[in-house]
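Participant: Structure below; questions to follow.
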Amino acid sequence: MPVEITVENFEEEVLRSDKPVLIDFWAAWCGPCRMLSPVVDEVAEENPQIKVGKVNVDEQSELAAKFGIMSIPMLMLFKDGKNIDSSLGVVPKSSIEKMIAE
């Protein structure tokens, strides 16, 4: 199950995570985000080797600004505290799985 990522828990949940973290930057009003969300949830369920988090850009504007999020949905993959990959827009599940497999 995805973890809600906030400014308060970002360091602990993402930067200090012992496994890769896939973050979904989204907003409630964003139609494409609502399309991608169930796919991200499936990836979270099927891949226990990664942590999946969600950042609501309206509630966490500081985090969105920190990572220069201009368009959503945006997926970012963090490993060892560093952003190693990202993907913009609605993408198929296979693309997300490829991203986390590398």
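The values are calculated or read from the model by the stated rules, or taken from the named source; none is laboratory data. Keep in mind the model is a prediction, meaning the values are calculated, not measured. For neighbour counting, all protein chains shown are included, and Cβ atoms are generated from backbone atoms with ideal geometry for every residue, glycine included. We work out accessible area using only protein heavy atoms, side chains counted, and drop any ligands, DNA or RNA first. Shrake-Rupley method; radii C 1.70, N 1.55, O 1.52, S 1.80 Å.
Participant: Summarise the accessible area of the chain (1.4 Å probe, protein heavy atoms) by the percent that is carbon and sulfur.
Facilitator: The value for the chain is 52 percent carbon and sulfur by accessible area.
Participant: Then there is this: How much net charge surrounds VAL91 when only other residues with a Cβ under 14 Å from its Cβ are counted (Lys, Arg +1; Asp, Glu -1)?
Facilitator: -2
Participant: Considering only protein heavy atoms, what per residue accessible area in square angstrom results for the chain with a 1.4 angstrom probe? Please list the in-between numbers first.
Facilitator: On the way: 5650 Å² over 102 residues.
Here the per-residue accessible area is 55 Å².
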